[in-house]
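Rule-based calculations on the coordinates, nothing more; no lab input. Everything numeric here is computed off the predicted structure, so don't read it as measured data. Counting neighbours? That spans all protein chains shown, and the Cβs are built from the backbone with ideal geometry, glycine included.
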Amino acid sequence: MTKLLDGHPRVTTLRRYLVAGLLIWVPLGVTLLVVRVLVAFMDQTLLLIPPPYRPENLFGFHIPGLGVLLAVVLVLGTGMLVANLFGRRLVAFWERLLNRIPLVRSVYSGVKQVAETVLTEGNQSFKQVYLIEYPRRGIWSLCFQTATEIGELQSRTEKDVVCVFVPTTPNPTSGFLVFAPKEDLQALDMSVDDGLKMIISLGVVVPRWRAGELPPVLAPRRAGT
């Protein structure tokens, strides 16, 4: 009976309509959920305002998203403050104070280095997607370049190596840090965003690529491999 229903034209049509509807509502629902969580998180910045002057106390009701505007103004104001000489001295004093606290010093310095690496213009972090034979020869994985200047690690190796991050799927925030020779890496045309989409989707979302313009060339095999 189930096989007969599966092949019935009306059942096939209904299934097609159901899938088409899900393709509209599932991405929309997830997007709205993520936006709602982010807005609710950003609204926590309203707690910085003294209670008598908070919007819900002034107007008698809560205004969703007002915290996002306050957060943007706060970040812009902080940037304008630290861009001048007085602001830089204030930040230097603040950092010297934090560096005297053991646990806070480690967390703050690590986060600051990551932020400077990712946000500063001209850096090479997460600018290139590569193919790497990982976890063994013959098995290929996507990876992202995170650094080219690796100091002592480079001096300890015989070849010119690149620091790459091999993310796990579907959670790209975890993964493995690998120092791979440049000759073992294959640069891809896809953007970092496309690479992340492919990883998060378990390979279901494959970025478009015009194979006729640039044929794929795998890394040359070394003797004995």
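Just a few scattered comments:
- Here Val164 meets each of (1) within 17 Å of Met190 (Cβ to Cβ); (2) within 14 Å of the chain's Cα centre (by Cα) with one exception, condition (2).
- Condition met for Leu18 (farther than 30 Å from Met190 by Cβ and in contact with a helix residue (DSSP H, G or I) (Cβ under 8 Å, 6 or more places away or on another chain)): no
- Just one of the numbered conditions (1) surrounded by fewer than 15 Cβ atoms within 10 Å (Cβ to Cβ); (2) assigned to a helix (DSSP H, G or I) is not true of Leu177: (2).
- Checked against (1) assigned to a loop (DSSP other than H, G, I, E, B); (2) more than 18 Å from Pro207 (Cβ to Cβ), Pro172 meets all criteria but (2).
- Within the range 11-42, being of a type in the set (Lys, Arg) and either farther than 19 Å from Val72 by Cα or not in a helix (DSSP H, G or I) (or both) holds for Arg15, Arg16.
- Selection from the range 135-157 of residues that are assigned to a strand (DSSP E or B) and loosely packed, with under 15 Cβ neighbours inside 10 Å: Trp140
- Qualifying residue in the range 130-151 (condition: farther than 25 Å from Ser191 by Cα, free of Cβ contacts under 8 Å to residues at least 24 places away in the same chain and not aromatic (Phe, Trp, Tyr)): yes
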